[in-house]
Amino acid sequence: MSLQDIKHIALVLSGKGGVGKSSVTTQLALSLSLQGHNVGILDVDLTGPSIPRFLGIENAKVRQAPGGWIPVPVHEADRSRDGLPSETNGSADLNGTRSGRGALYCMSLGFLLANRGDAVVWRGPKKTAMVRQFLTDVKWSSLDYLLIDTPPGTSDEHISLVETLLKSARPEQLAGAIIVTTPQAISISDVKKEINFCRKTGVSILGVVENMAGFVCPNCSECTNVFSKGGGEAMAKEFEVPFLGSVPIDPMFIRLIEEGRRPTYPEGTVIEGQDMHLNGQPNGVQDDGLLVEKYTACSLCSIFAGIVSQVVTSIQQKQH
């Protein structure tokens, strides 16, 4: 089975479309990699596979191998910063944290479409078959974490995904689900259904991320709560699940994804107690390099580092 060398599998879910699941999945993966873990992203959002665009690998091609597909590498592991050869896997410490930077791989239906604008017009049975094929025929290498980016709702794909994982993966592999919402009441009402879906199917909930809770202005040093804030945290308390954190909208992250430019901030921009002006490069220089390296200058990087640390700790506590 293609999942046998994966330690932990986490689903990124939401009952609502447009809440930023793919954005959250991308940043969870980059943050896990920066903390030294080898990570894979499986994009099963068949009608809107956007992960390749987020990772800047839209033009990549999936290679066939005997018995399956080889996922696309986003970046390789780099242990050299800790005095280790880049090709080594690194060693985990007592907290399960690896040294250096981990590798990142991706598999998505987007790689299999001839054109980015092609519509996937499939009935339920074909979608179900594709999800099962993604879970069984992708030849992942040894991974610490596999993040699965899902479509919105509780549709055929979700049922097929959970059924296949519960049947094929070892119980200790399926870590649980990260629920993504936005602060508005209409979004939260839909996301509550996803929490109920998890409970009915036996998938544990690792926590709730409240996305788009604020706006980091690119022209001044303010972070304004344009969509209100706190709805996701209130929902987490209501359902007695962990609240992982609030994530603002940052145009610099969007610029990084769309243009590949390293984030820069006006003087005085402080996010989560960190002066972001000191992270940027003057005059937009040093825009070359890997996405994961430029992401470290983004205001959202420190926020997701905290979210990832909570998720990792939660998974480790469940194992003990």
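Please go through the range 285-320 and pick out each residue that is open to solvent by 60 Å² or more (accessible area, probe 1.4 Å) and more than 15 Å from Thr26 (Cα to Cα).
Answer for the range 285-320, where residues must be open to solvent by 60 Å² or more (accessible area, probe 1.4 Å) and more than 15 Å from Thr26 (Cα to Cα): Val285, Gln286, Asp288, Gln310, Thr313, Gln317, Lys318, Gln319, His320.
Is it true that Ser160 is assigned to a helix (DSSP H, G or I), crowded, with 22+ Cβ neighbours inside 10 Å and of a type outside the set (Lys, Arg)?
No.
Given the residues Ile178, Ile186, which is the only one that is open to solvent by less than 10 Å² (accessible area, probe 1.4 Å) and either closer than 21 Å to Val308 by Cα or not hydroxyl-bearing (Ser, Thr, Tyr) (or both)?
None of the others qualify; the one that does is Ile178.
Hey, can you tell me all the residues within the range 43-53 that are open to solvent by less than 10 Å² (accessible area, probe 1.4 Å) and outside any helix (DSSP H, G or I)?
Answer for the range 43-53, where residues must be open to solvent by less than 10 Å² (accessible area, probe 1.4 Å) and outside any helix (DSSP H, G or I): Asp43, Val44, Leu46.
So if I check each of Gly40, Gly56, which one is surrounded by fewer than 19 Cβ atoms within 10 Å (Cβ to Cβ), modelled with pLDDT of 85 or more and touching a Leu at 6+ places or on another chain (Cβ under 6 Å)?
So the residue among Gly40, Gly56 that is surrounded by fewer than 19 Cβ atoms within 10 Å (Cβ to Cβ), modelled with pLDDT of 85 or more and touching a Leu at 6+ places or on another chain (Cβ under 6 Å) is Gly56.
Do we have any residue at all in the range 272-280 that's open to solvent by 50 Å² or more (accessible area, probe 1.4 Å) and at pLDDT 75 or above?
No, the range 272-280 contains no residue that is open to solvent by 50 Å² or more (accessible area, probe 1.4 Å) and at pLDDT 75 or above.
Looking only at residues in the range 59-84 that are in contact with an Asp or Glu (Cβ under 9 Å, 6 or more places away or on another chain) and within 26 Å of Glu258 (Cα to Cα), which one is most open to solvent (accessible area, probe 1.4 Å)?
Checking each candidate, the answer is Glu76.
Criterion first (open to solvent by 70 Å² or more (accessible area, probe 1.4 Å) and either among the hydroxyl-bearing types (Ser, Thr, Tyr) or closer than 16 Å to Val12 by Cα (or both)) does Arg170 satisfy it?
no
The values are calculated or read from the model by the stated rules, or taken from the named source; none is laboratory data. Computed from a prediction, not measured in an experiment: that's the story for all the values here. Positions of Cβ are backbone-derived with ideal geometry, glycine not excepted, and every protein chain shown enters the neighbour counts. Side chains included, ligands, DNA and RNA excluded: accessible areas come from the protein's heavy atoms. Shrake-Rupley method; radii C 1.70, N 1.55, O 1.52, S 1.80 Å.
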